[in-house]
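All remarks here apply to the structure that follows.
The values are calculated or read from the model by the stated rules, or taken from the named source; none is laboratory data. The structure presented is a predicted model; accordingly, all values stated were derived computationally and were not measured. Cβ sites come from the backbone with ideal geometry, for glycine too, and all protein chains shown count toward neighbours.
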Amino acid sequence: MAAGATLARARDGKVLIASSRPEFRANMIGKLSSEAVFTAEAEGGADALMKLETGAFRTLVLDPQIDDLDPDELVGMIEARFPELNVVLMDRPSQTESEQLALDLSDKVVDDSTVGTRAAGTDDWSADQEPRARVEPLPGMIGTSRKMEQIYRLARLVAPRDTTVLIVGSTGTGKDLVARGIHELSRRNRGPFVVVNCAAIPESLLEAELFGFTRGAFTGAVQSRLGRIHAAHGGTLFLDEVGELPLSMQAKLLRFVQEGEVQRLGSADLFRVDTRVIAATNADLLQRVREKQFREDLYYRLAVFPLDLPSLESRSDDILPLARHFLESFCKDNNSAPKSIHPDAAILLKRHNWPGNVRELQHSIERAFVLADRNRQIRPEDLAMPGEAA
């Protein structure tokens, strides 16, 4: 069958092109777009899994040279999770890409009636799709919304490997909890989990904190000391707010991420360090790359496996379970009788947009717990959230 005729049969569906190579994606999208096929891009296996969760795609075209996941494992996971999806693995070098794609699409295109659809911006799927299997939350985390289950699934997939993870999300979304959960589920869970807040350490001290120093390396260095990277040997180094790293430090961090080597201040000796790196940021690092504020090579070294955490507003089903969890914890920690949330207060919690995300919710419940005093319920007037009338 001719490629054009075959591709025309896919016009009613959506095709996701997954590849770590921009030229591969551009080539495939060019071929499909010329046949009026709706296409979207994914920059790797993790990105593909996230997009498949949020869009009604009919076909996945997968480049076997993806960087972040093993393609065979990825295909197995996709086939188990999305049994109705057509997966085209571009693994036959004897054929041109367009010939193979035409052949595979002709073999796999199915009728629209077999594909479930999702309303844009919601967690509701059509009744013809099978109920999804529940995914256990990461250690220490609460939330069962589809968006969080997607994060749990990806985190559990990458945890057993030493793949570098970049966690992106607004302030208060729980980036540190996800990082710690990945560490606890990894083979390194008996090793240290070392946290470095890149925004909290002055630039003049940051290199010494990260890489360590020898005696006499600078004024006040009365004895040698290992840095936090070295302290994470055998475990995980969590670089929080990595987007705030000064450019002078980015080049030195790049060498460590690439080579696994650490050089202390005042010494010419190199130390090999076995440390997994998880980074987190609330900044748009690609925008910072464009603005020459963040090194492009370091960005791609850190963003091997990106996780994009959703805002609390976008997963409203998790608001009340989180609120009840925080309230229970405050009661227990203060040896207080159990308290509940009044239905009117619950409505107020659901209605608020939570710009500070989970952290804001936690602080609001703590304040309400104090204001409620000996009352057995949290009332609307106890919440007193900015911008909301009780």
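Quick notes on this structure:
- Test for residue 262: is it in contact (Cβ under 8 Å) with a residue 40 or more places away in the chain, in a strand (DSSP E or B) and over 25 Å from the mean Cα position of the chain (by Cα): yes
- Extreme residue, farthest from residue 134 (Cα to Cα), among residues of region 35-72 that are part of a helix (DSSP H, G or I) and modelled with pLDDT under 75: 54
- Filter result (among the small types (Gly, Ala, Ser) and either surrounded by 22 or more Cβ atoms within 10 Å (Cβ to Cβ) or modelled with pLDDT of 95 or more (or both)) within region 139-158: 143, 155
- Whenever a residue of region 310-333 is touching a residue at least 60 places away in the same chain (Cβ under 8 Å), its partners that are surrounded by fewer than 16 Cβ atoms within 10 Å (Cβ to Cβ) and β-branched (Val, Ile, Thr), lying with C-beta atoms within less than 8 angstrom and at least six residues away or across chains, give the pairs 317/144; 318/144; 321/144.
- Consider region 1-26 and keep the residues that are of a type outside the set (Gly, Ala, Ser) and part of a loop (DSSP other than H, G, I, E, B). The one that is modelled with the highest pLDDT is 21.
- Taking region 63-85 as the range and being closer than 20 Å to residue 27 by Cβ and touching a Gly at 6+ places or on another chain (Cβ under 8 Å) as the test, the residues that pass are 66, 67, 71.
- The listed residues are 32, 85, and the only one of them that is over 20 Å from residue 306 (Cα atoms), in contact with a Phe, Trp or Tyr (Cβ under 9 Å, 6 or more places away or on another chain) and modelled with pLDDT under 75 turns out to be 32.
- Taking region 282-319 as the range and being of a type in the set (A, V, I, L, M) and surrounded by 14 or more Cβ atoms within 10 Å (Cβ to Cβ) as the test, the residues that pass are 283, 285, 289, 298, 302, 303, 304, 307, 309, 312, 319.
Each row is one residue, and each column tells you yes or no for (1) on the phi > 0 side of the Ramachandran plot; (2) modelled with pLDDT under 90.
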| position | (1), (2) |
| --- | --- |
| 192 | no, no |
| 195 | no, no |
| 203 | no, yes |
| 213 | no, yes |
| 216 | yes, yes |
| 220 | yes, yes |
| 226 | no, yes |
| 229 | no, no |
| 235 | no, no |
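- Single condition residue 234 does not satisfy, out of (1) surrounded by fewer than 21 Cβ atoms within 10 Å (Cβ to Cβ); (2) outside any loop (DSSP other than H, G, I, E, B): (2)
- Close pairs (7 angstrom Cβ cut-off, 6 or more residues apart or separate chains): under 20 Å from residue 282 (Cβ atoms) and outside the structural domain of residue 355 (by TED's automatic domain parsing) in region 174-191, in a helix (DSSP H, G or I) and of a type in the set (A, V, I, L, M) anywhere: 174/358; 178/151; 178/155; 181/155; 182/155; 182/158
- Residues of region 274-329 that are basic (Lys, Arg), in contact with a Leu (Cβ under 8 Å, 6 or more places away or on another chain) and not assigned by TED's automatic domain parsing to the domain that holds residue 257: none at all.
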